[in-house]
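Structure first, then comments.
The values are calculated or read from the model by the stated rules, or taken from the named source; none is laboratory data. The structure presented is a predicted model; accordingly, all values stated were derived computationally and were not measured. Heads up, the Cβs are rebuilt from the backbone with ideal geometry, glycines too, and the neighbour counts pull from every protein chain shown. Please note that ligands, DNA and RNA were not included when accessible areas were found on the heavy atoms of the full protein model with its side chains. Shrake-Rupley method; radii C 1.70, N 1.55, O 1.52, S 1.80 Å.
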Amino acid sequence: MLLEVKDLYVAIDGKTILKGLNLQIKKGEVHAIMGPNGSGKSTLAKVLAGHPSYEVKKGEILFEGNDLLELEPDERAREGVFMAFQYPVEVPGVSNAQFLRLAYNEKMKHSGGEELDPLEFDDLLREKAKIVEMDPQFFKRSVNEGFSGGEKKRNEILQMAVLDPKLAVLDETDSGLDIDALRIVSEGVNKLKSEENGVVLVTHYQRLLNYIVPDFVHVLADGKIVKEGGKELALELEEKGYDWVKAAGN
Amino acid sequence: MTVKAKLATGYIKEFARSIEASAQQDWLKDLRRKAFEYFTETGFPTSRDEDWKYTDVKEVAGGQWSVANHANAISESAGNAVNKIVFVDGIYSEDASSLGELPEGVVVSKFAESGDNEVFQENLSKIVEPEFSGFSALNTAFIDQGLFIHVPKNTKIDEPIHVVMVSTGEFTAFPRLLYVGEEGSEAEVLEVFTREFEGPYLTNAVSEVKLEKNAKLIHTRVQRESHAAFHIGVTKAVLSRDSVYDGTNLNLGGKLARHDANLEFTEENGEAWVDGLYLIEDGQHTDTHSRIDHKVKNCLSHQNYKGILDGKSRAVFNGKVYVHENASGTDAEQSNKNLLLSNDARVDTKPQLEIFNDDVKCAHGATVGQLEGEELFYLLTRGLNQDLARNLLTYGFAEEIINKITVPSIKKDLDEAVLNRLHAKL
Ligand SMILES: Nc1ncnc2c1ncn2[C@@H]1O[C@H](COP(=O)(O)OP(=O)(O)OP(=O)(O)O)[C@@H](O)[C@H]1O
Ligand SMILES: [Mg+2]
């Protein structure tokens, strides 16, 4: 099992957001998580990444059988957990290339791979950028600073491509992308997914799931999974909204 | 004996010896005597002086340092620039200095050889007057070694001139620079204060810059004294019509450091940047005072100072922009942002605008903050460890200033100093 979330309760500032969430992901699988605004999707993503503001009240998270909650955010990243942010953060004064190289080298240091100097890394970055059709002019710009909403999302997937994670949680990567960009980024994700990794897509829209076809769809409402199914569940939700599943969950 | 007189005794002896031994022209000796007189009357500033409120120089004033009488040999400090003039403990080092080919008419000369030069006579001590402070009076009284740069009309110097001050022992040095750029001239000057000695010493520096019509100067000042040393320095630039001054001041060293970065527009249409970065850690105190005088119409001034403080350290920033009555069309902006990396660091920042004309565009602001939690988290989620993530964000904060440095060797040192902040000695 790649990821096991068992009976997870999570609070922020004293307010409990996740209330007994369960989720299992195997290598090679794509999972979609859908659900109303405020239901806790980003909370789950951030808890997986190790955001310090969230308090795990109960339950456990196992990553490849090991306790993920024991690890610091950077350790999780080096172990292969990646979260594409719903709202990617701007980091003024730090160039994309510089940042990505440091991140890449930290990971290589950890896994015993070969660290790259700026020139070598530039070659690698150019290759990876092709996957999301990103213009190299973005390499020397400050991380996300002044990027349009869609450019930020694309940049997140570039980071995923460089870091080659075992588990990628993409939190609404599709929102903000124009029609062409959605196709390009989705195709990029399809190229990056393999039998060796797992992908979690947090999304509101069925459209994304036409490109990246999920093996499972989970509906999160009020902090727990209230319905699960195959890719056809997304179509049903698109048609009927969330009320009927919410009702079923209560 | 009064406190002032007591403080001055060491200097009285040194001064008498120095002026005695000097082969300088009478006008220069007179200037020095007057300055010394002024110093003995006023002494060093105290915290009762408004401008020195947060920086107590008792320890500086009380120190007993001698003045070096020869230039020690140095190893690496001077770097391998084409044009470099090196002073060791304040004394010109023939061995360490070298000049590439300079355009005709350019003067780069030690003060000892400048006494009869008219431009030198006309300008020395006119831009930074001895009365500016007890320190500048003392520096003027000890004018001996020093560098005079004169770039004639419509002349451009391609290679930057590095003026390197290296400290190697417990001395007091009085570095002094006079730069005069004539009409249409262009040059780049770097002043680097560095050391091959980690103990206490005192640098008391004065730099004067005069830019005539349409002259341009890039002026970078890097202060990386020992963390046990004292550094007191003044820079002042005076700008004529259409001239451009781009100044960047990096203050990294010193147990106690003070820099006054002043500038005056005396004719219309000048443009100036007076930017800087102070980066200090445990046990350091750094004080920047700046005064920009818009005395005439249609001049532009930009000031961007950034501060990074770690450990138990303290910074002072006091920036004044004066827009005088006649100075309509002035455009002045001033910003001082500070990043505190520890809870024990403290900064006192006071940007001040004094405007006596309505037809102006002025903006100023100051902030004091810490590393942004969400930015830090973002970097951590990409696998950067805490130290690296913090250093990278710190670098990002300072990047605007660091990237102004065009000389690769200095830029590289600075990059490393900031990025390896937790491990490297600045
Ligand atoms: N600091 C906080 N204090 C109280 N409540 C919070 C805090 N931070 C987040 N929340 C609440 O937690 C809930 C879950 O938020 P989360 O971001 O996980 O929702 P989401 O499912 O990702 O929604 P969306 O689809 O809009 O992105 C929301 O109701 C939000 O207001
Ligand atoms: Mg969300």
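Within segment A:185-205, how many residues are over 15 Å from the mean Cα position of the chain (by Cα) and either surrounded by 18 or more Cβ atoms within 10 Å (Cβ to Cβ) or within 16 Å of ligand 2 (Cβ to nearest atom) (or both)?
1
Search segment A:110-125 for residues being in a helix (DSSP H, G or I) and more than 23 Å from the chain's Cα centre (by Cα), and hand back the single one that is nearest to the other protein chains (Cβ to nearest Cβ). Before the answer, list the steps.
So in segment A:110-125, the residues in a helix (DSSP H, G or I) come out as A:110-111, A:118-125.
Remaining after also requiring more than 23 Å from the chain's Cα centre (by Cα): A:118-123.
Working: A:Pro118: 12, A:Leu119: 16, A:Glu120: 18, A:Phe121: 14, A:Asp122: 18, A:Asp123: 20 Å.
Ranking the candidates gives A:Pro118 first.
Taking segment A:35-61 as the search range and keeping residues that are part of a strand (DSSP E or B) and either within 14 Å of chain B (Cβ to nearest Cβ) or within 17 Å of the chain's Cα centre (by Cα) (or both), which one is farthest from ligand 2 (Cβ to nearest atom)?
Within segment A:35-61, the first condition is being part of a strand (DSSP E or B), and the residues that meet it are A:54-61.
Next, from what is left, pick out any that are either within 14 Å of chain B (Cβ to nearest Cβ) or within 17 Å of the chain's Cα centre (by Cα) (or both): A:54, A:61.
Working: A:Tyr54: 13, A:Ile61: 18 Å.
Result: A:Ile61.
Here is a check on your reading of the model: is B:His289 out of contact with any Gly (no Cβ under 8 Å at 6 or more places or on another chain) and not in a loop (DSSP other than H, G, I, E, B)?
It is false that B:His289 is out of contact with any Gly (no Cβ under 8 Å at 6 or more places or on another chain) and not in a loop (DSSP other than H, G, I, E, B).
Within segment B:106-126, work out how many residues are among the small types (Gly, Ala, Ser) and exposed (fewer than 13 other Cβ atoms within 10 Å of the Cβ). Even if it seems obvious, please write down each step before you answer.
Kept after step one, since they are among the small types (Gly, Ala, Ser), are these residues of segment B:106-126: B:109, B:112, B:114-115, B:125.
From what is left, the residues that are exposed (fewer than 13 other Cβ atoms within 10 Å of the Cβ) are none.
Of the residues in that region, 0 qualify.
Among the residues of segment A:132-152, which ones are within 16 Å of ligand 2 (Cβ to nearest atom) and within 14 Å of chain B (Cβ to nearest Cβ)? Before you say what the answer is, go through the steps one by one.
So the first thing to find is which residues in segment A:132-152 are within 16 Å of ligand 2 (Cβ to nearest atom), and the list is A:149, A:152.
A:Lys152 - this is the single residue of segment A:132-152 that is within 16 Å of ligand 2 (Cβ to nearest atom) and within 14 Å of chain B (Cβ to nearest Cβ).
When you go through (1) surrounded by fewer than 17 Cβ atoms within 10 Å (Cβ to Cβ); (2) within 14 Å of chain B (Cβ to nearest Cβ); (3) among the basic types (Lys, Arg) one by one for A:Arg76, which number turns out not to apply?
(1)
Okay, residues lined up against (1) assigned by TED's automatic domain parsing to the domain that holds B:Ile12; (2) under 15 Å from B:His259 (Cα atoms); (3) not in a loop (DSSP other than H, G, I, E, B):
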{"site": "B:Gln145", "(1), (2), (3)": "yes, no, no"}
{"site": "B:Gly184", "(1), (2), (3)": "yes, no, no"}
{"site": "B:Glu191", "(1), (2), (3)": "yes, yes, yes"}
{"site": "B:Val206", "(1), (2), (3)": "yes, yes, yes"}
{"site": "B:Leu217", "(1), (2), (3)": "yes, no, yes"}
{"site": "B:Val222", "(1), (2), (3)": "yes, yes, yes"}
{"site": "B:Ser226", "(1), (2), (3)": "yes, no, no"}
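Please find, among A:Lys107, A:Lys128, the residue that is facing another protein chain (nearest Cβ under 8 Å), under 19 Å from the mean Cα position of the chain (by Cα) and of a type outside the set (S, T, N, Q). Break it down into steps so the answer makes sense when it comes.
Details: A:Lys128 fails: facing another protein chain (nearest Cβ under 8 Å).
Among A:Lys107, A:Lys128, only A:Lys107 is facing another protein chain (nearest Cβ under 8 Å), under 19 Å from the mean Cα position of the chain (by Cα) and of a type outside the set (S, T, N, Q).
Looking only at segment A:12-37, which residues are within 9 Å of ligand 1 (Cβ to nearest atom) and more than 21 Å from A:Arg207 (Cα to Cα)?
A:Ile12, A:Asp13, A:Gly14, A:Lys15, A:Ile17, A:Leu18
Applying the selection to segment A:170-199, what residues are within 13 Å of ligand 1 (Cβ to nearest atom) and in contact (Cβ under 8 Å) with a residue 40 or more places away in the chain? Full working, then the answer.
Within segment A:170-199, the first condition is being within 13 Å of ligand 1 (Cβ to nearest atom), and the residues that meet it are A:170-176.
Of everything in segment A:170-199, those that are within 13 Å of ligand 1 (Cβ to nearest atom) and in contact (Cβ under 8 Å) with a residue 40 or more places away in the chain turn out to be A:Leu170, A:Asp171, A:Glu172, A:Thr173, A:Ser175.
Across segment B:376-422, what is the total count of residues that are in a helix (DSSP H, G or I), within 13 Å of chain A (Cβ to nearest Cβ) and closer than 20 Å to B:Asp282 by Cβ?
Qualifying residue count for the region: 11.
Got a sec? Which helices (runs of 4 or more DSSP H) wholly within segment A:173-250 have at least 2 residues that are more than 26 Å from A:Asn155 (Cα to Cα) and modelled with pLDDT of 95 or more? Even if it seems obvious, please write down each step before you answer.
On the way: elements: A:179-192, A:206-211, A:232-240, A:243-249.
Hits in segment A:173-250: none.
Output the number of residues of segment B:253-281 satisfying the condition of being open to solvent by 10 Å² or more (accessible area, probe 1.4 Å) and basic (Lys, Arg).
So the answer is 1.
Spot the failing condition for A:Val169; the list is (1) more than 16 Å from ligand 2 (Cβ to nearest atom); (2) within 14 Å of chain B (Cβ to nearest Cβ); (3) crowded, with 20+ Cβ neighbours inside 10 Å, and only one is missed.
Among (1) more than 16 Å from ligand 2 (Cβ to nearest atom); (2) within 14 Å of chain B (Cβ to nearest Cβ); (3) crowded, with 20+ Cβ neighbours inside 10 Å, the lone unmet condition for A:Val169 is (1).
Take A:His51 and tell me if it is closer than 20 Å to A:Glu195 by Cα, within 16 Å of ligand 1 (Cβ to nearest atom) and modelled with pLDDT of 95 or more.
Working: closer than 20 Å to A:Glu195 by Cα: no; within 16 Å of ligand 1 (Cβ to nearest atom): yes; modelled with pLDDT of 95 or more: yes.
Against the criterion (closer than 20 Å to A:Glu195 by Cα, within 16 Å of ligand 1 (Cβ to nearest atom) and modelled with pLDDT of 95 or more), A:His51 does not qualify.
Can you pull out every residue in segment B:185-203 that is charged (D, E, K, R) and surrounded by fewer than 23 Cβ atoms within 10 Å (Cβ to Cβ)?
Our first condition is that a residue be charged (D, E, K, R); within segment B:185-203, this holds for B:186, B:188, B:191, B:195-196, B:198.
If the condition is that a residue be charged (D, E, K, R) and surrounded by fewer than 23 Cβ atoms within 10 Å (Cβ to Cβ), then B:Glu186, B:Glu188, B:Glu196, B:Glu198 are the ones that fit.
Could you tell me whether B:Thr330 is of a type in the set (S, T, N, Q) and farther than 23 Å from B:Asp282 by Cα?
Numbers: of a type in the set (S, T, N, Q): yes; farther than 23 Å from B:Asp282 by Cα: yes.
Yes, satisfied.
Quick one: A:Pro88 ticks every box in (1) within 16 Å of ligand 2 (Cβ to nearest atom); (2) touching a strand residue (DSSP E or B) at 6+ places or on another chain (Cβ under 8 Å); (3) open to solvent by less than 20 Å² (accessible area, probe 1.4 Å); (4) over 15 Å from A:Gly198 (Cα atoms) except a single one, so which number is it?
Result: A:Pro88 fails condition (2) only.
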